[in-house]
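Report on the structure given below.
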Amino acid sequence: TDQFLFIPDIKLSVANAVLASLNNAGAENRRSLIQGREATEYGLDSVDKRYKEWLRDMDRRHGVDRRAAQNLTLGYVTTDSCPGVGDDTLHAPLPFFDVPDFIASNPPAVSDDTPIDLVFVDFIESQLIGILNTLQTDKVYTTADAVLYTPVLANEALGIYAQSAWN
């Protein structure tokens, strides 16, 4: 149900820096919130963080080449001390990919000083404007500078694309 907004006339060089800044700030903000909540609830470090580290470690140790050479099916790699095969069936570990907090489309192929429309979803508006104001000093942007880009909502966009591309 998120709306797409845009801020017009942002230099490409500034617009290109927004994504990295959002991911740097977003990851830190979310990590501190999760760690604080889980420390309170469980007295442990982030369960999600530990799980992702485990998946990343399995992927790093076994890698694509080793997975292909062993010709195993994908699955969790576990061992136990029970007699027999139990759940120690050999599997190739699931590949792991880091997922950024924010993503973007490819920018247009124009010079860095070309003004473009910076399009984003409304729920990151205040964070994006704050970052935009740290990346440039030409203007102090506010929420009044953000304009509706399209009446199509984010949860409708893929359906519209699927209808046009798959029919």
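The values are calculated or read from the model by the stated rules, or taken from the named source; none is laboratory data. These figures come from a predicted structure and were not determined experimentally. Here the Cβ positions follow ideal geometry from the backbone for every residue, glycine too, while neighbour counts run over all protein chains shown. All accessible areas refer to the heavy atoms of the entire protein, side chains included, with ligands and DNA or RNA removed. Shrake-Rupley method; radii C 1.70, N 1.55, O 1.52, S 1.80 Å.
Just one of the numbered conditions (1) modelled with pLDDT of 80 or more; (2) loosely packed, with under 13 Cβ neighbours inside 10 Å is not true of L12: (2). Residue pairs whose Cβ atoms lie under 8 Å apart, separated by 6 or more positions or on different chains, with the first residue in region 119-134 and within 16 Å of P8 (Cα to Cα) and the second among the charged types (D, E, K, R), are V121/D2; D122/D2; I129/D145.
Being open to solvent by 40 Å² or more (accessible area, probe 1.4 Å), over 30 Å from D2 (Cα atoms) and modelled with pLDDT under 90: is that true of A92 here? No, not satisfied. Yes or no: K52 closer than 30 Å to E125 by Cα, modelled with pLDDT of 75 or more, open to solvent by 60 Å² or more (accessible area, probe 1.4 Å) and in contact with a strand residue (DSSP E or B) (Cβ under 8 Å, 6 or more places away or on another chain)? Taking the combined requirement at face value, the residue does not satisfy it.
Filter region 122-138 down to residues that are open to solvent by 30 Å² or more (accessible area, probe 1.4 Å) and touching a strand residue (DSSP E or B) at 6+ places or on another chain (Cβ under 9 Å) and give me whichever is farthest from A25 (Cα to Cα). It would help to see each step written out before you state the result.
If we filter region 122-138 for residues that are open to solvent by 30 Å² or more (accessible area, probe 1.4 Å), which is where we start, we get 122-123, 125-127, 130, 133-135, 137-138.
Going one step further and asking which of them are touching a strand residue (DSSP E or B) at 6+ places or on another chain (Cβ under 9 Å), we end up with 122, 125, 138.
Details: D122: 17, E125: 14, D138: 22 Å.
Ranking the candidates gives D138 first.
Being among the charged types (D, E, K, R), assigned to a loop (DSSP other than H, G, I, E, B) and modelled with pLDDT of 90 or more holds for only one residue in D98, D117, D112, and it is D112. Assuming V119 fulfils every condition listed in (1) open to solvent by less than 80 Å² (accessible area, probe 1.4 Å); (2) touching a helix residue (DSSP H, G or I) at 6+ places or on another chain (Cβ under 8 Å) apart from one, which condition is it? Against the list (1) open to solvent by less than 80 Å² (accessible area, probe 1.4 Å); (2) touching a helix residue (DSSP H, G or I) at 6+ places or on another chain (Cβ under 8 Å), V119 comes up short only on (2). Residues in region 152-167 that are without any contact (Cβ under 8 Å) to a residue 40 or more places away in the chain and loosely packed, with under 11 Cβ neighbours inside 10 Å: L158, G159, I160, Y161, A162, Q163, S164, A165, W166, N167.
Here T114, T143 are screened, and the one residue that is open to solvent by less than 90 Å² (accessible area, probe 1.4 Å), touching a Leu at 6+ places or on another chain (Cβ under 6 Å) and β-branched (V, I, T) is T114.
Residue-level check: of (1) closer than 30 Å to D57 by Cβ; (2) surrounded by fewer than 10 Cβ atoms within 10 Å (Cβ to Cβ); (3) not hydroxyl-bearing (S, T, Y), P100 misses just (2).
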